[in-house]
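A short worksheet on the structure shown next.
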């Protein structure tokens, strides 16, 4: 079990926050065009508050560097930052069109595995990589089974994203992917319940699950 007790150095947190602000501006411009939409997904206007991404990405990166940038887990930071970058974009897209495009999830999965491979080679310890691969595969299978029995409540994009999160979080600790998944279901359940009470949602409302998977992963990292 890995316990996240020593925070990352202030200079690392500051550096990634500054880099995240710059990339956040670039990402906001890319998503503002709605280029991720398919031909049949233009039945409503593209969301205009992309400026939120300018602050969201550096916040996510700063939290990752602060929580995981300590000596014991520093090598996991690049992969987590990659997933954080893609995750911000995927959350935005999923909230807009309720779809997680494979054109973003697949490259993220491949790149994350590559970064974790490099991290293992640098450290000389291969057990965390094996644990990460096993955790990613297990999370993928669990979500795939849920997708098969849920009658459309979960999509294959959610399954792929869950596998990516299981991979990267499993590199730190074997329990963290399951804590993240539990937190994702809890937060989505709370939001759904509040939506039903306030009548902003109905029992037939389609809720994008990708953002909750990502939020659950971030909360699991912060809770350590």
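All of the numbers you see were taken from the coordinates with simple rules; none came from a lab. As the structure is a prediction and not an experimental result, all values here were calculated from the model. Using ideal geometry, Cβ is built from the backbone for each residue, glycine included, and neighbour counts are taken over all protein chains shown.
Before moving on, here are some points about what is shown:
- Residue 110 paired with residue 52, simple spin-label distance in nm, labels 7 Å along Cα-to-beta-carbon: 3.1
- Cα-based shape type of region 134-224, given that a ≥ b ≥ c are square roots of the gyration tensor eigenvalues and the cut on a/c is 1.5: oblate
- Extension gain, residue 202 to residue 137, is 20.0 nm, computed as 0.36 nm per intervening residue step minus the present C-alpha separation.
- The stretch between residue 40 and residue 149 holds 36.6 nm of extra length on full extension. This uses 0.36 nm per residue minus the Cα-Cα distance.
- For the pair residue 127 and residue 15, a Förster radius of 25 Å applied to the C-beta separation gives a FRET efficiency near 0.30, rounded to the nearest 0.05.
- Peptide packing: for 179-190, 143-154, 201-212, 67-78, the average count of neighbouring Cβ atoms within 10 Å per residue gives the ranking 67-78, 179-190, 201-212, 143-154, highest mean first.
- Against the main long axis of the alpha-carbon atoms of the chain, helix 52-68 sits at an angle near 30°.
- Cα-based shape type of region 97-138, given that a ≥ b ≥ c are square roots of the gyration tensor eigenvalues and the cut on a/c is 1.5: oblate
- The overall shape of region 15-143 is oblate: from the C-alpha gyration tensor, with semi-axes ordered a ≥ b ≥ c, the ratio a/c is 1.5 or greater and a/b is no larger than b/c.
- Calculated from the structure at hand, Cα Rg over 2.2 N^0.38 Å is found among [x] 1.05; [y] 1.18; [z] 1.01 as [z].
- Largest GNM mean-square fluctuation among 33, 86, 120, using the chain with Cα springs under 10 Å: 33.
- Using alpha-carbon coordinates, inclination of helix 210-223 to the longest axis of the chain, degrees: 30
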